[in-house]
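Since the structure comes first, as structure tokens, the remarks are kept for the end.
The values are calculated or read from the model by the stated rules, or taken from the named source; none is laboratory data. Only a predicted model underlies this, so the values are computations on that prediction, with no experimental measurement involved. No Cβ is skipped: glycine too gets one built from the backbone with ideal geometry, and neighbour counts run over all protein chains shown.
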Amino acid sequence: MKNIIAFAGSNSSDSINKQLATYAANLVSDVEVKILDLNNFDLPIYSKDLESAEGIPDNAKKFMAYIKASDGIVMSLAENNAAYSAVFKNLFDWLSRLERKTFQGKPMLLMATSPGARGGASVLAMAKERFPRHDANIVADFSLPSFNDNYLNGRIVNSELNKELQEKVKLFKNAL
């Protein structure tokens, strides 16, 4: 059986992006899903000097092991000031020092959501441009605007958006 990892680029305890990543990952049929929480991978702020003095932290190595062991990645990025959240950027910095091909060519469903009408469009665009340079195989992407209006009781309630996500999930599943 194939296995996928799903996570949010957020360390918020009530992350809307974690809710979306979990929802989307559970739409993928016939796979084992492992939900990762960035709070379980605490890392010091990346610096060249720290890396020289202490090497790559174990939590970065553990996260990379999940990527390597997976058959696919479902990721939903939080948007802070039109960019990655600090916790995700820091993880990404450490991972890219460990493995230049950070995403290992794994099929990826890349998503973002926000309370606003743009649905994390800026961070999604940034990631779509940057991640392929780190061996991301983005097979589908999805933006969920106005999270609080469109996601209720553990699911997307806007039928058009839910249908769009299901189509993206199908593309992702077929790429596994």
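So the values come out like this:
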quantity	calculated
Residues of the range 107-121 that turn out to be in contact with a helix residue (DSSP H, G or I) (Cβ under 7 Å, 6 or more places away or on another chain) and either among the hydroxyl-bearing types (Ser, Thr, Tyr) or within 12 Å of Leu144 (Cβ to Cβ) (or both), as a count	5
Options Leu152, Leu91; residue that is farther than 22 Å from Pro44 by Cα, out of contact with any strand residue (DSSP E or B) (no Cβ under 6 Å at 6 or more places or on another chain) and not polar (S, T, N, Q)	Leu152
Residue list for the range 1-29, restricted to those being without any contact (Cβ under 8 Å) to a residue 60 or more places away in the chain and part of a loop (DSSP other than H, G, I, E, B)	Met1, Ser13, Asp14
Near pairs, Cβ below 8 angstrom, 6+ apart or cross-chain, from the range 37-63 (part of a helix (DSSP H, G or I)) to any residue that is of a type in the set (Lys, Arg) and surrounded by 13 or more Cβ atoms within 10 Å (Cβ to Cβ)	Glu51/Arg97; Ala60/Arg97
Long-range neighbours under 8 Å by Cβ, at least six apart or interchain, first residue free of Cβ contacts under 8 Å to residues at least 12 places away in the same chain and surrounded by fewer than 23 Cβ atoms within 10 Å (Cβ to Cβ) within the range 65-88, second polar (S, T, N, Q) and part of a strand (DSSP E or B)	Ala86/Asn80
Boolean, Ala127 is at pLDDT below 95 and either touching a helix residue (DSSP H, G or I) at 6+ places or on another chain (Cβ under 6 Å) or hydrophobic (A, V, I, L, M, F, W, C) (or both)	no
